[in-house]
């Protein structure tokens, strides 16, 4: 899966199961759990598609919030109501973030009776910004100078401001709603009013909270400005003069800001937001006298040289709002010319010039605002002037474009400006502003934008937003213009037409461009946008596109989501529909979208798609395509590594796809180029900057697939290949093996075996001899070891010396003296020496014993360094090799394989999830009677399969080999095909208990609980079954496990943890009791525990040993000895140990003398001796 492109697909899949859970979680609001649900719910909202479920989720939250703010306990900041309201507000604000405030506000309750409760609640949440009813401040100040802050979260105040703005749409006069008419509560608003006393209290309180919030440096600023606009544009407020007063106040503040160095940019942005809303919301008959002043002040501010002007120029939000103000003023003047005294032409040219300049702004939101403004204005002016604006945009697109040999290069253009200009064209087309006569030039621009690509200085791709804007433009074109208007555009008028477009309509050419982008563009959103535009084009203009309906169904919005699927499956399906699509896609696969992509995986996917397309070509066309690729490869500079990698990989993909049908002439052509090293030599691997691993991987893949094609040709008795070409290929292979990456090891095996098949026996031996005789430092190239393992099958079984030499080298490298990475690769190579499909190719018995011996050593490797348990890499590879070589050691009856079986059982219970899965996979492949409940082998074993109670219970049941558990079947020895020793029962028990010590002793919390529960249930059933031989075997094994691991620090702590748990659960005591053996080896067990921590400085081990003593103290036979040991440990030098011992003694004895003492300090020998005498008497 393409991780960067497919996050939205993952969201879509997750929404199917997560949305019902989210709705159920929201239903809990109103219960005691609601205060814990806010953060979780808000996080989930971000990662889900919400539209279908908004009606189910928002109304319960809205109703619950209204109940909470009217709850009497809401006034207490630490109350349940206050905490819950904050959580709900966070969720609503998250909804606004994901889906937009305009959409979410529709679900908010708009009953006027909630205005005053909401204002009161706001005063409690933000007391620094408001004055609560009934509390008159001693020194009222201008509320706009208050610092905007909240005692709660900004999300809650944001939600309240948004809600109040929605409530301001109430159709009743505020004076009739207010319950505190005539009271001002000491509120001093900065507006100059003739009759301030007539302002309703609700309006005063709204102004009081809106003004400080307009200075906030977060999203509260915009909703506060919208709230103030909603208030002052109400008819009843206009009658009171509030509209005029607020505009005058805002203009006055703007004048102050130009001279006041202390003026903050957030205050200025808040004022701009308010004026922007006023220009749109208020009637022009009221605002007419202010429009020119607003326009001049905004324009002069952004052109000034003051500190505030410089700060605003660098603010994307301020520039966006300024553009919006200018746009709305121009539109107001153009629409109502008779109602205004402003000359439209006096400001129109200045605005258009300003907008054209900011189309190249560095901030996306500014470019979007400018493009929208320019397109809207173009649609409102007269047609002639509109055409001039379109021509100006098209002319700007021609700047810095380099033309050479008829091709236009966009490498020197500004990508930001191209995005703004392309988006402007798209917006114009969406509003049908350009005339049909301008469509050819517009189409040229959109086709160029759809293929726009640049690389940044760091090498990353630049231009995705330009291509996305081009998709919008083509979608708008298809939607707004008729079929006749588009057909009137002549193909030859488009400078981007190709030979495939001769005689085709502009609609068909557009469809081909969109198809290429939908299948091959590197950005997922662009692919989907092209798919949507193609669907619109075909739907709006039926019967004009070849196989239109089938093409839409193939290039589906969801089908192009995964890049690999789009580049391979969708490309092939589209190419099959018509020859024109095949030609277009074949051409585009050879460009930067395909094998010239900057990403390795993208080049490989494109090469795979090209290989699939080759199935539709004739032999002559395939040969011509290969010649084209080879020519491009020979002409490409050596430093264009990515392009060369894509070209070679394309040749490899064609060879692989046409393995059965590649013509002999094409095979000979490719081999002849290999004879000349295919323009690949030592110089291609001379520097790291040339990324030799790319060239090596591609060349090895080509050699592997070309060898396979040649083998097929030999079988058909076609022409033979020149031996010089095979020799050249072997030389290239030798170079590549020193640089190939791990991901290409599988191709190395195919290449080595393919060349060995095409070479004489003596040539193969010379090749092997050269690899074997390399200095040991050469084995730092892991691919060389893979090659040695792969060539094993090509050696005659009678040449045992060469086979033995290879095996000795691999076994040596897999030994403990080498780096872990080299050992892992060597272990993988050892597995290649066995091919179950080839009879008689197995290693000899002596060689098998050597293989099994190194596997056993690797299964027990627990190398740890700063990276962690890197030995797990080797254990996992050893498990895979053990199962892969099973046919060999089974045929020879290698008895030592039994030890590997026990190790596999132990690893199946290891705490590392991945190792457990690998171990179970190994066991299921070797032992066909082994199966996991509810797990299908066809789908593979996942980490989830090895992390369940049923999984651990399956292994716990293997501790018993008799049907005392009430099962229907007997548990017998696994059918592994080897001779198992007589000690099979005890060995299996030892391996499983040692494995459980890892998971049930020190595993992760979830695994710890599951494994302990499963083990305890099975052991409890063993005790209930009263099968004494099994009980004896298990108890003896526990003691043996402890004895054999006393000196192994890695194992002893987990074993002690498991022993502590078994003692605390009482299961070990019950097992000893069930044996009816009063002389159970309790003292031996006690002695082993003492030896385990004797003179140890490990605090963890000492504390775990104390936990074991806590359980042993419950055994009457050794209680005195345990208490004697514990009291002696009160003199231990480590305070942590003393505290653990004191706690254990108190639990075991209940002696109240221990409670008041501080055992972090030594209590003295006299106290310890007296305590020992009292407890042990």
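Worth a mention:
- Just one residue in the set 643, 625, 617, 610 is surrounded by fewer than 22 Cβ atoms within 10 Å (Cβ to Cβ) and either modelled with pLDDT under 90 or closer than 23 Å to residue 461 by Cβ (or both); that residue is 643.
- Within the set 1107, 1121, the sole residue that is within 30 Å of residue 959 (Cα to Cα), outside the structural domain of residue 1002 (by TED's automatic domain parsing) and either surrounded by 14 or more Cβ atoms within 10 Å (Cβ to Cβ) or over 49 Å from the mean Cα position of the chain (by Cα) (or both) turns out to be 1107.
- The residues of the stretch 614-640 that are farther than 17 Å from residue 655 by Cα and in a loop (DSSP other than H, G, I, E, B), listed by number, are 636, 637, 638, 639, 640.
- The helices (runs of 4 or more DSSP H) falling completely within the stretch 290-402 that include 1 or more residues that are at pLDDT 90 or above map to 316-335, 344-358, 364-380, 383-397.
- Helices (runs of 4 or more DSSP H) (entirely within the stretch 751-859) containing at least 1 residues that are at pLDDT below 80 and surrounded by 19 or more Cβ atoms within 10 Å (Cβ to Cβ): 761-772
- Residues being within 20 Å of residue 989 (Cα to Cα), in a loop (DSSP other than H, G, I, E, B) and at pLDDT 60 or above - total across the stretch 922-973: 7
- Remark: residue 899 matches the filter, which requires a residue to be touching a helix residue (DSSP H, G or I) at 6+ places or on another chain (Cβ under 7 Å), in contact (Cβ under 8 Å) with a residue 12 or more places away in the chain and either not assigned by TED's automatic domain parsing to the domain that holds residue 990 or not in a helix (DSSP H, G or I) (or both).
- In the stretch 125-133 there is at least one residue that is modelled with pLDDT of 80 or more and not in a loop (DSSP other than H, G, I, E, B).
- For beta carbons closer than 6 Å, sequence separation of 6+ or different chains, a first residue in the stretch 1148-1177 that is surrounded by 13 or more Cβ atoms within 10 Å (Cβ to Cβ) and a second that is not in a helix (DSSP H, G or I), the qualifying pairs are 1148/1113.
- Residue within the stretch 854-861 that is out of contact with any helix residue (DSSP H, G or I) (no Cβ under 6 Å at 6 or more places or on another chain) and closer than 21 Å to residue 751 by Cα present: no
- The criterion of being closer than 21 Å to residue 1055 by Cα and within 50 Å of the chain's Cα centre (by Cα) holds for residue 1137.
- Scope the stretch 546-592; condition part of a loop (DSSP other than H, G, I, E, B) and crowded, with 23+ Cβ neighbours inside 10 Å; matching residues: 555, 560
- The one condition in (1) under 32 Å from the mean Cα position of the chain (by Cα); (2) in contact (Cβ under 8 Å) with a residue 12 or more places away in the chain; (3) within 17 Å of residue 574 (Cα to Cα) that residue 473 fails to fulfil: (3)
Table: residues versus (1) under 42 Å from the mean Cα position of the chain (by Cα); (2) assigned by TED's automatic domain parsing to the domain that holds residue 127; (3) surrounded by 24 or more Cβ atoms within 10 Å (Cβ to Cβ).
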residue	(1), (2), (3)
189	no, yes, no
196	no, yes, no
200	no, yes, no
203	no, yes, no
210	yes, yes, yes
213	yes, yes, yes
217	yes, yes, no
228	yes, yes, yes
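- If you filter the stretch 680-718 down to residues that are in a helix (DSSP H, G or I) and out of contact with any helix residue (DSSP H, G or I) (no Cβ under 7 Å at 6 or more places or on another chain), you find that the one that is surrounded by the most Cβ atoms within 10 Å (Cβ to Cβ) is 693.
- Selection status of residue 88, at pLDDT 70 or above, touching a strand residue (DSSP E or B) at 6+ places or on another chain (Cβ under 7 Å) and over 30 Å from residue 249 (Cα atoms): yes
- Here is the figure for the stretch 357-405: residues that are within 37 Å of the chain's Cα centre (by Cα) and farther than 23 Å from residue 321 by Cβ total 1.
- Just one of the listed residues (72, 140) is surrounded by fewer than 15 Cβ atoms within 10 Å (Cβ to Cβ), over 22 Å from residue 166 (Cα atoms) and modelled with pLDDT of 80 or more, and it is 72.
The values are calculated or read from the model by the stated rules, or taken from the named source; none is laboratory data. The model shown is predicted, which means the values in this text are computed figures rather than measured ones. As a convention, Cβ positions derive from the backbone with ideal geometry for all residues, glycine included, and neighbour counts pool all protein chains shown.
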